[in-house]
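A.B. asks: Sharing a structure with you now.
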Amino acid sequence: MKLELHKISVRELRFGETTKVAGGVLSINRDELKALLLEDSALSGVEFELAHPGDKTRIMPVKDAIEPRCKLDGPGEVFPGFVGPVETVGEGRTLVLSGLAVLTTGRLVAPQEGIVDMSGPGADYTPFSRTGNLVLVLTPREDVKLHEAERCCRQAGLTAAHYLASRCKTARADTVESYEFPPLREAMGAHPSLPKVGYVYMLQSQGLLHDTWVYGVDAKRILPTLISPTEIMDGAVISGNCVSACDKNNTYVHQNNPVIKALYGRHGKDLNFVGVIITNENVTLADKQRSSSYAIKLLKMLGAEAAVISEEGFGNPDADLVLNCVKAERAGIKTVLVTDEFAGANGASQSLADSCVEGTAVVTGGNANATIILPPMEKVIGDLSQADVIAGGFFGSKRPDGSLEVEIQAILGATNELGFNKLGAYTI
Amino acid sequence: MNHPLYGNFRPHQQPYRSLLLKSNPVAVQNSGGLERVVPDEHSLHLMEEALGLYGRVPVLSPDQAPPAYREDCALIDLELMRLPLDQAGWPV
């Protein structure tokens, strides 16, 4: 499977008469987009806001972030099962509006994520302070049930992202990136002197507001499976995860998975990147046992000698992470785990809800319990009162002057477990 | 049957926590040939880890949460219990 990403750099967003991109400026016809989104009868209202890096703007609570993409050619369309038909994607050419994100906000339930500050100390902890953002402020109809309200908000973000990209098909790309995933027969025989490395990509799948979708299928209902990294780039995996902002994988993060990018970068140099296995994180113990055994079986079938295993979420997914690690290691497959920590405000408590002696190589996205005071912002898009109940906030988070005292758990992407962030650390 | 730490909420954020237990005793024989019943070790381990967490952090009780927040948390708790209840033969 071969995919080209044709990237158009966007540095500024404006509202205008026609949706188009020129000279790095994306103009958006908001009436046209609004009419498109309100074709979904479950929505009663949509408003739009723009937020650029450096703005004194806070956006909360944020549900999802999506990078605008559309197919230029090749089978199917991006976001299969939601925008595109359920045809397999990941081949041909895909247009990307780079430097831009669609963010969705709106109230579903009280305890939700997440905060994006476009400037100030909080901006360092979210990658979306560095994108130009079209913010959709969504209002589901009052009479729709929560499942339908979540669906329509999720759909609106994907529809808007596809709309923006599809209106820019005639624009010339600034850069083209090419990715190839050969048939397994070739992959197994290529680079015989290099270790075969697989990637076990864990997806949040606990229930409403904690879900991920694969080709339109609820990830709770899948068995672990092989998937081409190029399918991920075409939006085959999208987020329905609306809680715990710090370590959820937004759709944008799935589209730009840095683990996949890093493995591609080293493929043929010091490793042979043999495949991606997506697996879920169901809450029942039987499903955890089934999925971990099946995922590691697939790794063995690939002949993997090592595997990177990335988690999404915390708490019970830590048990999935440990099961995947233990079973891989006992099968002779060396593992590197990528996770985050809930180690208490001082970092001294046990970081994960489960552990194993086999887990000797672990990369952390950071301690989500570290606290931060976010100064008041001139503009708030969304609902500031949610800070009291936002995951990572607590009652009294919102101060009289409009500042927020929260754990970095509340900030979108602060401890992302794919490493999709700008912060890092090293040992001196 | 379900992991005690389901959901992405911590003890001070979610006042409701439901646990589905199944009686499925495992009988093992000791060296003397006598049978005894033991709990599933993995389940016990996960419950002990979860209890350890609850012992270290603040816990939100329902009466401490505003009514609207309480109702939303109850709804989320139900939603996250759907799959375990369905697998137990008690679909919601």
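The values are calculated or read from the model by the stated rules, or taken from the named source; none is laboratory data. Quick caveat: nothing in here was measured; it's all calculated off a predicted structure. Glycine gets a Cβ as well: all are built from the backbone with ideal geometry, and neighbour counts include every protein chain shown.
A.B. asks: Restricting to the range B:72-92, name every residue that is of a type in the set (Gly, Ala, Ser) and either in contact (Cβ under 8 Å) with a residue 24 or more places away in the chain or within 7 Å of another protein chain (Cβ to nearest Cβ) (or both). Give the derivation first.
C.D. replies: Within the range B:72-92, the first condition is being of a type in the set (Gly, Ala, Ser), and the residues that meet it are B:74, B:88-89.
Within the range B:72-92, B:74, B:88 meet the criteria.
A.B. asks: Please verify whether the range A:239-254 includes one or more residues that are touching a Gly at 6+ places or on another chain (Cβ under 6 Å) and either basic (Lys, Arg) or at pLDDT 95 or above (or both).
C.D. replies: no
A.B. asks: Just to be sure before I move on: is residue A:145 in contact (Cβ under 8 Å) with a residue 24 or more places away in the chain and on the phi < 0 side of the Ramachandran plot in the structure I sent? Steps first, please.
C.D. replies: Details: in contact (Cβ under 8 Å) with a residue 24 or more places away in the chain: no; on the phi < 0 side of the Ramachandran plot: yes.
Considered against the rule, which asks whether it is in contact (Cβ under 8 Å) with a residue 24 or more places away in the chain and on the phi < 0 side of the Ramachandran plot, residue A:145 comes out as no.
A.B. asks: What's the number of the condition residue A:47 fails, among (1) acidic (Asp, Glu); (2) surrounded by 15 or more Cβ atoms within 10 Å (Cβ to Cβ); (3) within 27 Å of residue A:117 (Cα to Cα)?
C.D. replies: Of everything listed in (1) acidic (Asp, Glu); (2) surrounded by 15 or more Cβ atoms within 10 Å (Cβ to Cβ); (3) within 27 Å of residue A:117 (Cα to Cα), residue A:47 misses just condition (2).
A.B. asks: Look through the range B:10-39, keep the residues that are at pLDDT 80 or above and within 8 Å of chain A (Cβ to nearest Cβ), and return whichever of them is farthest from residue A:220 (Cα to Cα).
C.D. replies: Checking each candidate, the answer is B:13.
A.B. asks: Sticking with this one: Quick one: is residue B:43 closer than 27 Å to residue A:312 by Cβ, of a type in the set (Gly, Ala, Ser) and at pLDDT 85 or above?
C.D. replies: Values: closer than 27 Å to residue A:312 by Cβ: yes; of a type in the set (Gly, Ala, Ser): yes; at pLDDT 85 or above: no.
Considered against the rule, which asks whether it is closer than 27 Å to residue A:312 by Cβ, of a type in the set (Gly, Ala, Ser) and at pLDDT 85 or above, residue B:43 comes out as no.
A.B. asks: When you scan the range A:306-316, do you find a residue that is within 13 Å of chain B (Cβ to nearest Cβ) and in a helix (DSSP H, G or I), even just one? Explain how you work it out, then say what you get.
C.D. replies: Residues of the range A:306-316 that are within 13 Å of chain B (Cβ to nearest Cβ), as a first pass: A:311-316.
Adding the requirement that they be in a helix (DSSP H, G or I) leaves A:316.
Within the range A:306-316, one or more residues are within 13 Å of chain B (Cβ to nearest Cβ) and in a helix (DSSP H, G or I).
A.B. asks: Here is a further query. Would you be able to tell me the number of residues in the range A:326-358 that are in contact with a Ser or Thr (Cβ under 8 Å, 6 or more places away or on another chain), of a type outside the set (A, V, I, L, M, F, W, C) and either crowded, with 20+ Cβ neighbours inside 10 Å or modelled with pLDDT under 90 (or both)?
C.D. replies: The qualifying residues number 5.
A.B. asks: Could you tell me whether residue A:384 is at pLDDT below 90, more than 22 Å from the chain's Cα centre (by Cα) and buried (at least 24 other Cβ atoms within 10 Å of the Cβ)?
C.D. replies: Details: at pLDDT below 90: yes; more than 22 Å from the chain's Cα centre (by Cα): yes; buried (at least 24 other Cβ atoms within 10 Å of the Cβ): no.
Against the criterion (at pLDDT below 90, more than 22 Å from the chain's Cα centre (by Cα) and buried (at least 24 other Cβ atoms within 10 Å of the Cβ)), residue A:384 does not qualify.
A.B. asks: Would you check if there is a residue in the range B:62-71 being surrounded by fewer than 20 Cβ atoms within 10 Å (Cβ to Cβ), away from chain A (no Cβ under 11 Å), in contact (Cβ under 8 Å) with a residue 40 or more places away in the chain and touching a Pro at 6+ places or on another chain (Cβ under 6 Å)?
C.D. replies: There is at least one residue in the range B:62-71 that is surrounded by fewer than 20 Cβ atoms within 10 Å (Cβ to Cβ), away from chain A (no Cβ under 11 Å), in contact (Cβ under 8 Å) with a residue 40 or more places away in the chain and touching a Pro at 6+ places or on another chain (Cβ under 6 Å).
A.B. asks: Do you know which residues across the range A:132-157 are within 14 Å of chain B (Cβ to nearest Cβ) and either in a helix (DSSP H, G or I) or in contact with a Cys (Cβ under 7 Å, 6 or more places away or on another chain) (or both)?
C.D. replies: Answer for the range A:132-157, where residues must be within 14 Å of chain B (Cβ to nearest Cβ) and either in a helix (DSSP H, G or I) or in contact with a Cys (Cβ under 7 Å, 6 or more places away or on another chain) (or both): A:146, A:147, A:148, A:149, A:150, A:151.
A.B. asks: From the set of residues in the range A:292-305 that are in a helix (DSSP H, G or I) and buried (at least 23 other Cβ atoms within 10 Å of the Cβ), which is farthest from the other protein chains (Cβ to nearest Cβ)? Before the answer, list the steps.
C.D. replies: From the range A:292-305, those in a helix (DSSP H, G or I) are A:292-302; that's our starting set.
Restricting the remaining residues to those that are buried (at least 23 other Cβ atoms within 10 Å of the Cβ) gives A:292, A:295-296, A:299.
Details: A:292: 11, A:295: 17, A:296: 16, A:299: 21 Å.
Only one residue fits best here, namely A:299.
A.B. asks: Kindly provide the set of residues from the range A:174-225 that are loosely packed, with under 14 Cβ neighbours inside 10 Å and in contact with a helix residue (DSSP H, G or I) (Cβ under 7 Å, 6 or more places away or on another chain), ordered by number.
C.D. replies: Passing the criteria: only A:223.
A.B. asks: Would you mind stating whether residue B:53 is at the interface with chain A (Cβ under 10 Å from one of its Cβ atoms), assigned to a helix (DSSP H, G or I), closer than 25 Å to residue A:369 by Cβ and in contact (Cβ under 8 Å) with a residue 60 or more places away in the chain?
C.D. replies: Numbers: at the interface with chain A (Cβ under 10 Å from one of its Cβ atoms): yes; assigned to a helix (DSSP H, G or I): yes; closer than 25 Å to residue A:369 by Cβ: yes; in contact (Cβ under 8 Å) with a residue 60 or more places away in the chain: no.
In short, no.
A.B. asks: Strands (runs of 3 or more DSSP E) wholly in the range A:188-255 with at least 3 residues that are under 26 Å from residue A:176 (Cα atoms) and away from chain B (no Cβ under 14 Å) - which ones?
C.D. replies: Details: elements: A:196-204, A:210-214, A:225-227, A:237-241.
So the answer is A:196-204.
A.B. asks: Here is a check on your reading of the model: is residue A:420 of a type in the set (Phe, Trp, Tyr), at pLDDT 90 or above and either in contact with a Gly (Cβ under 8 Å, 6 or more places away or on another chain) or surrounded by fewer than 20 Cβ atoms within 10 Å (Cβ to Cβ) (or both)? Please lay out each step first, then the result.
C.D. replies: Numbers: of a type in the set (Phe, Trp, Tyr): yes; at pLDDT 90 or above: yes; either in contact with a Gly (Cβ under 8 Å, 6 or more places away or on another chain) or surrounded by fewer than 20 Cβ atoms within 10 Å (Cβ to Cβ) (or both): yes.
So residue A:420 fits the description; yes.
A.B. asks: Another question, if that's okay. Given (1) more than 8 Å from chain A (Cβ to nearest Cβ); (2) part of a helix (DSSP H, G or I), where does residue B:58 come up short, assuming only one miss?
C.D. replies: All conditions are met except number (2).
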